[in-house]
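Rule-based calculations on the coordinates, nothing more; no lab input. The structure presented is a predicted model; accordingly, all values stated were derived computationally and were not measured. Cβ placement follows ideal geometry from the backbone for every residue including glycine, while neighbour counts extend to all protein chains displayed.
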Amino acid sequence: MKNLLLAAALTGAAATAAVAAPEKYVLDSSHSQVVFNYNHLGFSTTWGMFSGFEGEIMFDKEDPAASSVSVSMPVMSMLTGWEARFDHFMSNDFFAATEDEMVSFTSTGIEVTGENTANITGDLTLNGVTKSVVLDAKLNQSGDHPMAGKPWAGFNATTSLLRSDYGLEKFAPYVSDEVQVQISIEAMKAE
């Protein structure tokens, strides 16, 4: 009887060990962007971007809801395509940004919505304000990178934000309060 119980316990332990756990992936900064746009006075759509930022994904292929994501980027790494616009965004009218001010996102939950899609809820900290946001996310692909020769994953996501939620409401509603956000990232399995 002891041998039977020991065998059952070992089998249970082996089965538990075989369950996949989230694996750490780090962002490929050269292929990860956050692009945002807003309506300017009804005349145009104006675009900006963050790129070259850092973050990590704890990716569970078997149970995507058990995954998590955390990213951060300096506010002053924003690209606007026009120096005067960048200077205005960093002024007291908007961010009053310092070198160490960060934008960050940390997931708090993932709801799988399809074979390769999920809603990722998380805390977005922007301009010193933290609010919950939902990213409509899609796994583009996961597998071995053809050039790097190691596991890689790519994701796209979208959301919309209200500038006024983050104390950035200057010129609203003429310059739209709503900002559309598109995210595309690649991440490599950490060593």
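Once the Cα atoms are used to define both axes, helix 2-18 deviates from the longest principal axis of the chain by about 20 degrees. Approximating the spin labels as points 7 Å out from Cα along Cα→Cβ, the residue 83-to-residue 158 distance works out to 3.5 nm. In this label model, residue 51 and residue 93 are separated by 2.5 nm, measuring between points 7 Å along each Cα→Cβ vector.
Pairs of Cα atoms nearer than 8 Å and 6+ residues apart set the relative contact order; for region 45-133 it is 23 percent.
For residue 21 and residue 123, a Förster radius of 22 Å and the Cβ-Cβ distance give a FRET efficiency of 0.40, rounded to the nearest 0.05. Dipole of region 112-167 computed with +1 at Lys/Arg Cβ and -1 at Asp/Glu Cβ about the Cα centre; of 117, 162, 140, farthest Cα towards the positive end is 162. So if we plug the beta-carbon distance of residue 150 and residue 178 into 1/(1 + (r/R0)^6) with R0 = 41 Å, what FRET efficiency do we get, rounded to 0.05? Once the sixth-power term is evaluated, E becomes 0.55. Students often get this wrong, so try it: which of [x] 44, 28, 17; [y] 41, 17, 15; [z] 21, 19, 17 is semi-axes √(5λ) of the Cα gyration tensor in Å as calculated from the structure shown? Given [x] 44, 28, 17; [y] 41, 17, 15; [z] 21, 19, 17, the structure-derived one carries the label [y]. Among 38, 174, 25, the largest mean-square fluctuation in a Gaussian network model of the chain (Cα springs under 10 Å) belongs to 174.
The Cβ shell under 13 Å around residue 26 holds other residues with a net charge of -3, Lys and Arg each +1, Asp and Glu each -1.
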